[in-house]
Amino acid sequence: MKGNIFFENELKTYDIVGKFTSIENMHKLKSEILGLKNTGKLNDWIYENYLQFDFDVSKGYKSIMISAMKLPVVKVTVEKNNSIKEIMIPSAYYNGGKVDVYNSNLDEMFNKYQVKYKPVHLPCKLLVSRTGLGSYGKNNIAYIDEFGSYFRMRAFLTDIEMDEDNWYEVTQTDKCSNCNICAKNCPNGIINDESYVIDAGKCITYPNEIEGVFPEWIKPEWHNALIGCMKCQLDCPNNLEFKNDIKVISHLSKENTLDIFKTSHYEELKDDTKLKVKEIEFSNAYDVFKRNFEAVYHNL
Ligand code: SF4
Ligand code: SF4
């Protein structure tokens, strides 16, 4: 079978970028994550809930593939005080059907060349950096030249042989050396020069993603996106060329907004509002949507 260099080129024909690393590097990935955990650099709750990786399922495979597909940030327009405001949705939370295309393209490529493959939950950002597919920003976000930080990642185990291994030092983007924009923009001041690892327990993204009351340490004026947080990505020089790609995907009128404010359950919304919430891909997470929308609306 053809080796990793062929497949790294083949991925590009599907508008996907990717790199492979030898399966032998799985233990390095594992010890790197455990090292961060054991030195107290990973928040316990986040480690338990998000960072339980598939480090021990590599038997029968020869390589790990990390891949990424561009997924732009999108925005929703909202009527407030007789003017039109915008609320952003980071690329991690809206896909507009593109993730299905991503998945089916990967299936097609692997099947075409009879590759044995298995999707796995691995530390994708670390893999991006270690394989040389991209680098970290000071904000702990992964950047890839072709997409900035606006992309979705998937990792796979495969039986593709390595022509040449990819395993590099973890690097920061070139632009980080003369820049501090993300650190200045982070509302909670958790980005610094010392490490690409941030205290994720103090990042507003995680409480924003899950149901429940926001923790007290989040100040109301910090909310800036419909979910997650865009403060450290939007003005990053690595993302400037993608700024014009940010498209409006829906519009919430005054009536839609009032409907959302007074309605606790998705099924009880008026039909038009229901459609809009579905369009924004929050019909299955209306509690989170309503709470976040109310929080960010007040900051518009
Ligand atoms: S804003 Fe500046 S320092 Fe932060 S990730 Fe981007 S380039 Fe690096
Ligand atoms: S996502 Fe927001 S809170 Fe988290 S590090 Fe970036 S700017 Fe700070």
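Tabulated data
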item	result
Selection within segment 71-122 - under 17 Å from the mean Cα position of the chain (by Cα) and on the phi > 0 side of the Ramachandran plot	Gly96, Gly97
Residue within segment 103-112 that is under 24 Å from Ile246 (Cα atoms) and out of contact with any strand residue (DSSP E or B) (no Cβ under 7 Å at 6 or more places or on another chain) present	yes
Leading residue by the ranking (farthest from Ile160 (Cα to Cα)) among those in segment 99-149 that are assigned to a loop (DSSP other than H, G, I, E, B) and aromatic (Phe, Trp, Tyr)	Phe147
Flag if Phe282 is farther than 23 Å from Ile181 by Cα and within 15 Å of ligand 2 (Cβ to nearest atom)	no
Qualifying residue in segment 286-294 (condition: within 16 Å of ligand 2 (Cβ to nearest atom), outside any helix (DSSP H, G or I), touching a residue at least 60 places away in the same chain (Cβ under 8 Å) and not basic (Lys, Arg))	no
Tabulated pairs, segment 185-207, first charged (D, E, K, R), second in a loop (DSSP other than H, G, I, E, B) and within 12 Å of ligand 1 (Cβ to nearest atom), C-beta under 7 angstrom, 6+ apart or interchain	Asp193/Lys138
Residue check for Ile144: within 18 Å of Leu127 (Cβ to Cβ), among the aliphatic types (A, V, I, L, M) and surrounded by 14 or more Cβ atoms within 10 Å (Cβ to Cβ)	yes
Among (1) more than 22 Å from the chain's Cα centre (by Cα); (2) under 30 Å from Asn111 (Cα atoms), the one test that Ile16 misses	(1)
Only listed residue being within 16 Å of ligand 1 (Cβ to nearest atom) and either of a type outside the set (Val, Ile, Thr) or touching a Cys at 6+ places or on another chain (Cβ under 9 Å) (or both), chosen from Lys98, Lys112, Lys118, Lys175	Lys175
Which numbered condition Gly97 fails, given (1) touching a residue at least 12 places away in the same chain (Cβ under 8 Å); (2) surrounded by fewer than 16 Cβ atoms within 10 Å (Cβ to Cβ)	(1)
Ala225 vs. criteria more than 16 Å from ligand 1 (Cβ to nearest atom) and closer than 25 Å to Leu126 by Cβ	yes
Criterion: near ligand 2 (Cβ under 9 Å from one of its atoms), modelled with pLDDT under 95 and closer than 29 Å to Phe289 by Cα - qualifying residue of Ile210, Ile191, Ile141, Ile198	Ile198
Leading residue by the ranking (nearest to the chain's Cα centre (by Cα)) among those in segment 183-209 that are assigned to a loop (DSSP other than H, G, I, E, B) and charged (D, E, K, R)	Asp199
Answer from Lys175, Lys247, Lys231 - the residue that is in contact (Cβ under 8 Å) with a residue 24 or more places away in the chain and either within 20 Å of Asn299 (Cβ to Cβ) or buried (at least 21 other Cβ atoms within 10 Å of the Cβ) (or both)	Lys231
Residue within segment 151-158 that is touching a residue at least 40 places away in the same chain (Cβ under 8 Å) and not in a strand (DSSP E or B) present	no
Matching option when the condition is touching a Lys or Arg at 6+ places or on another chain (Cβ under 9 Å), at pLDDT 90 or above and surrounded by 17 or more Cβ atoms within 10 Å (Cβ to Cβ), among Glu32, Glu8	Glu8
Residue check, Gly212 within 21 Å of Tyr143 (Cα to Cα), small (Gly, Ala, Ser) and outside any helix (DSSP H, G or I)	no
Residues located in segment 221-266, provided they are more than 17 Å from Phe293 (Cβ to Cβ), more than 16 Å from ligand 2 (Cβ to nearest atom) and assigned to a helix (DSSP H, G or I)	Leu240, Glu241, Phe242, Lys243, Asn244, Asp245
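The values are calculated or read from the model by the stated rules, or taken from the named source; none is laboratory data. The shown structure was predicted, so the numbers you read here are calculated from the model rather than taken from an experiment. FYI the Cβ positions are ideal-geometry reconstructions off the backbone, even for glycines, and counts take in every protein chain you see.
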